[in-house]
1. On average, how much accessible surface per residue is there in the chain, in Å², for a 1.4 Å probe, leaving out ligands, DNA and RNA?
2. Which percent of the accessible heavy-atom area of the chain goes to carbon and sulfur, probe 1.4 angstrom?
Amino acid sequence: MYLVLFNAVLANPELHHGWNGFCFTGDMEFSWYDLAKKIGEVTVALGLATESEPTEFDAEERAKFFWAEMFANLAFASNCRVRPSRGIALGWKPTHTIDDLWASIRPEIEVISRA
């Protein structure tokens, strides 16, 4: 997408500017719960956790891991649905699916857990 957008803007610098400059590459939808559940399943399978069911952050955890309560709510208690319509109109083609996202979780956790 970056290369497609770069070449399109080189050909026409006014093509994407201001509000029209937003180009999303996501073309899938998932819930934060489903993502957290998949992460939990992988961490249990790798012996890094004992429970795969996601739990809510309590007030102390929100204060520790997020700048503010409001940020935690915006990050995990909201929806964001995007479509890559501008990129597709420029010739970009999505190549990954939700299954690719799920498949990427284990390798990423394996790397992170070794750090």
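1. Working: 9020 Å² over 115 residues.
Here the per-residue accessible area is 78 Å².
2. Values: 5380 of 9020 Å².
Percent of accessible area from carbon and sulfur atoms in the chain: 60.
The values are calculated or read from the model by the stated rules, or taken from the named source; none is laboratory data. All figures in this text were calculated on a predicted structure; none of them were measured in a lab. The area values use the complete protein model at the heavy-atom level, side chains included, leaving out ligands, DNA and RNA. Shrake-Rupley method; radii C 1.70, N 1.55, O 1.52, S 1.80 Å.
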